[in-house]
Amino acid sequence: PRKFFVGGNWKMNGSKKEIEALVDVLKKGITGDAVEVVVGCPSIYLQHTLCLLPSNIALSAQNCYKVAKGAFTGEISPAMIKDLGAPWVILGHSERRNVFGESDQLIADKTAHSLSEGLRVIACIGEKLEEREANKTEEVVLCQMNALKPAIGSNWDKVVIAYEPVWAIGTGKTATPEQAQEVHCILRKWLKEEVSGAVSESTRIIYGGSVTGATAKDLAKQPDIDGFLVGGASLKPEFVDICKAGL
Ligand code: 13P
């Protein structure tokens with residue numbers, strides 16, 4: 001019953017020309033709406049990308065601020081993203097947390113405000129290598145979930161959870177299907193106990209971290225993996241194969 005969800009996170013990549021070429025490939029390869037496909041593009045190219053995308057691929061911003069408008073030089077607001085016509089925003093990505101120092105509280109504030117403005121949120125969580133090695137994976141991801149819980153409130157139907165172990169991002173070290181499934185299962189159990197059985201059944205929990213056309217199929221077979229958030233491979237034709245991995 002959970003529709004397979006694949007997000008492409010382009011990060012800080014692309015040019016007008018490159019985006020045109022990539023969308024051309026996606027348009028030809030991804031037909032129909034059996035899979036929910038979303039691409040997260042740099043804010044400066046949101047308008048350009050929106051004009052190119054077919055109706056079965058939705059647009060996402062990669063970040064936003066926690067208030068509607070004001071003296072916040074360089075930031076964009078959920079209201080602006082909505083106004084432009086993009087339905088999604090990625091929040092809490094590990095690069096926002098670790099390169100730009102975003103806290104659980106800031107990410108929660110951004111999530112609450114985005115949802116109140118009617119945006120859908122891809123909320124990212126995940127442990128670092130040293131946390132995994134210290135057997136703290138469960139503690140870390142549940143702490144991140146606990147910070148998000150009051151911000152999401154009753155809007156779980158507008159949220160996709162992206163589990164992205166930091167050690168797997170951009171490293172070529174995809175989590176094994178078993179490693180990913182173990183954490184997804186912990187997250188699903190948390191949803192059941194902390195939110196509700198219905199939310200636990202209906203919320204998509206997607207995996208991110210060095211997903212490729214080659215690794216996607218086995219990951220997609222796991223019972224609690226409902227899709228992917230893809231970085232590097234989302235800039236390549238193989239993104240089409242990843243989108244089809246759950247079919
Ligand atoms: P890679 O697929 O490049 O490892 O990036 C994953 C990611 O961070 C998606 O948000």
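The values are calculated or read from the model by the stated rules, or taken from the named source; none is laboratory data. Since we're looking at a predicted model, the values are computed, not measured. Because the Cβ atoms are built from the backbone with ideal geometry, glycine has one as well, and the counts that use them run over all protein chains shown. These accessible areas exclude ligands, DNA and RNA; they are computed on the full protein's heavy atoms, side chains included. Shrake-Rupley method; radii C 1.70, N 1.55, O 1.52, S 1.80 Å.
Of the peptides 13-26, 40-53, 158-171, the order by per-residue mean of other Cβ atoms within 10 Å, starting with the highest, comes out as 158-171, 40-53, 13-26.
Measuring nothing but protein heavy atoms, the accessible surface of the range 120-247 at 1.4 Å probe radius is 51 percent carbon and sulfur.
So with the 1.4 Å probe, I'd like the accessible area per residue for the range 112-226, rounded to whole Å².
43
Anisotropy class assigned to the range 132-171 is oblate, per the alpha carbon gyration tensor with a/c at or over the 1.5 cut-off and a/b no larger than b/c. Non-local lysine pairs in the range 155-247, meaning eight or more places apart or on different chains, with alpha-carbon distances under 22 Å, amount to 12. Along the axis of the charge dipole computed for the chain (Cβ charges of +1 for Lys and Arg, -1 for Asp and Glu, origin at the Cα centre), the listed residues ILE152, ASN9, VAL240 are led at the positive end by VAL240. Share of carbon and sulfur in the accessible area of the range 65-117 stands at 54%, probe radius 1.4 Å. Annotation for the range 66-149: trypsin sites (Lys or Arg not before Pro) lying in DSSP loop with at most 15 further Cβ atoms inside 10 Å of their Cβ are LYS69, LYS136.
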